[in-house]
Structure formats: structure tokens, C-alpha cells
1. Please verify whether residue 138 is farther than 19 Å from residue 55 by Cα, modelled with pLDDT of 90 or more, surrounded by 14 or more Cβ atoms within 10 Å (Cβ to Cβ) and aliphatic (A, V, I, L, M), treating the condition exactly as stated.
2. Would you check which residues across the range 43-68 are in a loop (DSSP other than H, G, I, E, B), over 14 Å from residue 18 (Cβ atoms) and touching a helix residue (DSSP H, G or I) at 6+ places or on another chain (Cβ under 8 Å) and list them?
3. How many residues does the range 69-97 hold that are under 20 Å from residue 120 (Cα atoms) and either out of contact with any helix residue (DSSP H, G or I) (no Cβ under 9 Å at 6 or more places or on another chain) or buried (at least 20 other Cβ atoms within 10 Å of the Cβ) (or both)?
4. Kindly indicate which of 91, 42, 114, 110 is farther than 24 Å from residue 159 by Cα and at pLDDT 95 or above.
5. Any idea how many residues of the range 82-116 are of a type in the set (Val, Ile, Thr), without any contact (Cβ under 8 Å) to a residue 40 or more places away in the chain and over 26 Å from residue 59 (Cα atoms)?
6. In this structure, does residue 128 turn out to be part of a helix (DSSP H, G or I), over 15 Å from the mean Cα position of the chain (by Cα) and buried (at least 18 other Cβ atoms within 10 Å of the Cβ)?
7. Do the conditions hold for residue 191, that is, is it modelled with pLDDT under 90, among the hydroxyl-bearing types (Ser, Thr, Tyr) and outside any strand (DSSP E or B)?
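The values are calculated or read from the model by the stated rules, or taken from the named source; none is laboratory data. This is a predicted model, so every value here is computed, not measured. Positions of Cβ are generated from backbone atoms using ideal geometry, with glycine treated the same way; all protein chains shown enter the neighbour counts.
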Amino acid sequence: MSKNSQDQQGVLFIGDNLALDFINTQYGIGSAHRECFVDDASVVEWLKLTKLLPEDFQKAPEGLLKLALELRDNARALVTVVKSSGDANVSLVNEILEFGHAKKELHWDSASRSFNVVTQRRQDDAASMLEPVADALVNLLTRTNLELVRQCDAHDCTLMFLDMTKSHRRRWCSMSLCGNRMKVAAFRSRTNA
């Protein structure tokens with residue numbers, strides 16, 4: 001498989017958080033590198049998989065791929081800056097939140113005799129489509145214990161996840177992807193020594 005390959009089966013949802021799953025659309029090292037966003041259509045397909053877009057959504061807005069890649073790079077930097085001593089540039093996230101903010105209206109449903117909130121994207125532009133991801137990132141950065149955001153311990157894995165285990169000792173992105181592989185490698189190393 002090529003270095004910058006893309007296939008929708010390569011999309012992983014192991015982060016236990018929408019923002020982390022968005023960051024994880026690029027992962028792996030060397031020949032195992034995967035890039036899930038290669039064009040506007042691939043971003044739309046990911047948004048459909050996350051249920052942020054309806055299945056029948058067709059036309060990707062101009063510039064969606066460019067903005068998605070910029071947001072993903074910025075999101076990764078914002079998550080990692082907490083664990084290091086660096087500066088964070090939040091302007092892109094704020095811009096997407098401002099220009100893509102969904103309109104909310106209170107509606108009365110006479111059939112059920114109850115109120116409900118109807119949320120509608122302002123328009124089908126790139127910022128509007130990525131606003132829920134930016135909002136999820138804001139929630140991750142402000143309402144989550146970021147000590148529980150981890151990168152997989154496998155030497156060749158770059159996937160990030162939110163450790164929601166009771167003991168908070170999760171080490172791998174998933175047992176099936178890296179955990180078993182690393183345990184087998186450790187066992188072989190011990191038996192060969």
C-alpha cells in the first residue's frame with residue numbers, strides 16, 4: 001500500500017471522542033501510514049460515518065479538504081500542547097466556531113405536546129460542516145481531564161484515545177490493533193533472552 005493511501009475501511013473510531021477520532025484520520029508510521037482524507041469526498045464520507053451528515057448528502061463544499069486538514073493539524077497541536085510547554089494557536093478553531101455555528105430554534109411539537117430544539121447548519125460550506133468537530137474539540141479541551149488523553153504505547157502507532165477505563169491504565173489504541181501485537185512481541189523478547 002502506498003505511503004499516502006486512503007481507504008474508508010482504514011477509518012478507525014477508537015478514540016472514544018469525536019475530536020480524537022478526527023485527529024486519528026491520519027495515523028501510522030512508514031509503510032503503515034494511512035491518510036483517510038485525500039479529497040473533499042473522503043471528508044464527506046467520514047462525516048457521514050460519524051452521523052454528522054445525512055447518508056443522502058451529496059455535494060462537498062469547495063475547500064472542505066483543505067480546512068479539514070488544517071483543523072486536524074491544529075487539533076493535534078492543541079491536544080499535545082497541554083502535555084508539553086508550548087503555545088497554542090486557537091484562531092482556526094474559533095474561526096470555524098464563529099462562521100460554522102449552527103442555528104438553534106425552539107419548536108413546539110403539537111403531536112407529542114412537547115418542546116424540542118431543532119438545530120440547522122447555517123449553510124453547506126466547509127466551516128459549517130466541520131463546526132461539530134471544532135465544538136467536540138472545545139469540549140475535549142475544556143471539559144475533559146486531558147491526563148486521560150493518550151497516544152498508543154505501540155512503537156509504530158500514532159493513534160490517540162481517551163482512556164475511559166475504570167483503572168485509567170489503558171495503554172493501546174485497541175487490543176486487536178496493537179495490544180495483542182505488543183504483548184506477543186514482549187513474550188517473544190522474554191523467551192528469546
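1. Taking the combined requirement at face value, the residue satisfies it.
2. Of the range 43-68, the ones in a loop (DSSP other than H, G, I, E, B) are 50-63.
So of that shortlist, the ones also over 14 Å from residue 18 (Cβ atoms) come out as 54-63.
54, 55, 57, 60, 61, 62, 63 - these are the residues of the range 43-68 that are in a loop (DSSP other than H, G, I, E, B), over 14 Å from residue 18 (Cβ atoms) and touching a helix residue (DSSP H, G or I) at 6+ places or on another chain (Cβ under 8 Å).
3. Number of matching residues: 2.
4. 91
5. 1
6. In short, yes.
7. The answer is yes for residue 191.
Rundown of residues vs (1) charged (D, E, K, R); (2) assigned to a strand (DSSP E or B); (3) at pLDDT 85 or above, yes/no style:
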{"site": "147", "(1), (2), (3)": "yes, no, yes"}
{"site": "153", "(1), (2), (3)": "yes, no, yes"}
{"site": "167", "(1), (2), (3)": "no, no, yes"}
{"site": "176", "(1), (2), (3)": "no, no, no"}
{"site": "181", "(1), (2), (3)": "yes, no, no"}
{"site": "186", "(1), (2), (3)": "no, no, no"}
